[in-house]
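Accompanying notes for the structure given below.
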Amino acid sequence: MSRILVDSSVIIESFKNNEKALELFHSIMDDELAINPIVFGEVVYIFMKYGKKNVNKVFELLNSFIILDLTGEIVKMAENFIVKYGLFPDDTLILATCKYYGFSIATLDSDFEVCCKSEGVELV
């Protein structure tokens, strides 16, 4: 069983019935799945912005994941990733969370390709 942090792109696109996202989600369903507060915030923000009627459904899904805490060490790693890769802060916090806890990442965001390889984080 793999330990995988699920990026907001996979969750949001799954709710939109994006075939690629649904296939990815189904391929990891038997693994140990997690999110962090950044993913939680990104997903909830999108659903509140575009359709409040689905928020309870979103909370139900998000609460089924392990929630990985952000630490001071993760924030410091993220700062380094911002400088090193030029990624947005939320993406660097997600990458740093994966590296810190030893999780792979499931994402549809191509911005993670180079940095995951360089940082030894498996990209699903």
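The values are calculated or read from the model by the stated rules, or taken from the named source; none is laboratory data. The shown structure was predicted, so the numbers you read here are calculated from the model rather than taken from an experiment. Here Cβ is always computed from backbone atoms with ideal geometry, including for glycine, and neighbour counts include all displayed protein chains.
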Practice prompt. Could you tell me whether residue 81 is at pLDDT below 95 and either closer than 18 Å to residue 124 by Cβ or not charged (D, E, K, R) (or both)?
Written response: no
Response to the item:
When the stretch 42-61 is checked residue by residue, the ones that are in contact (Cβ under 8 Å) with a residue 40 or more places away in the chain and closer than 24 Å to residue 101 by Cα are 42, 61
Practice prompt. Please state which one of 111, 90 is at pLDDT below 95 and either under 25 Å from residue 23 (Cα atoms) or crowded, with 19+ Cβ neighbours inside 10 Å (or both).
Written response: 111
Item to complete: Among the residues of the stretch 1-17, write down those that are closer than 21 Å to residue 90 by Cβ and touching a residue at least 12 places away in the same chain (Cβ under 8 Å).
Response: 3, 4, 5, 6, 7, 8, 9, 10, 11, 12, 13, 15
Item to complete: Report the residue count in the stretch 15-28 for those that are more than 16 Å from residue 123 (Cβ to Cβ), loosely packed, with under 15 Cβ neighbours inside 10 Å and polar (S, T, N, Q).
Response: 1
Discussion item. Quick check on the stretch 72-80. Is at least one of its residues touching a residue at least 40 places away in the same chain (Cβ under 8 Å) and surrounded by 12 or more Cβ atoms within 10 Å (Cβ to Cβ)?
Written reply: no
Worksheet item: Looking at 31, 7, which is the one that is out of contact with any Asp or Glu (no Cβ under 8 Å at 6 or more places or on another chain), surrounded by 12 or more Cβ atoms within 10 Å (Cβ to Cβ) and not hydrophobic (A, V, I, L, M, F, W, C)?
Response: 31
Discussion item. Can you report the number of residues in the stretch 36-70 which are modelled with pLDDT under 90, of a type in the set (Phe, Trp, Tyr) and either surrounded by 15 or more Cβ atoms within 10 Å (Cβ to Cβ) or in contact with a Gly (Cβ under 6 Å, 6 or more places away or on another chain) (or both)?
Written reply: 1
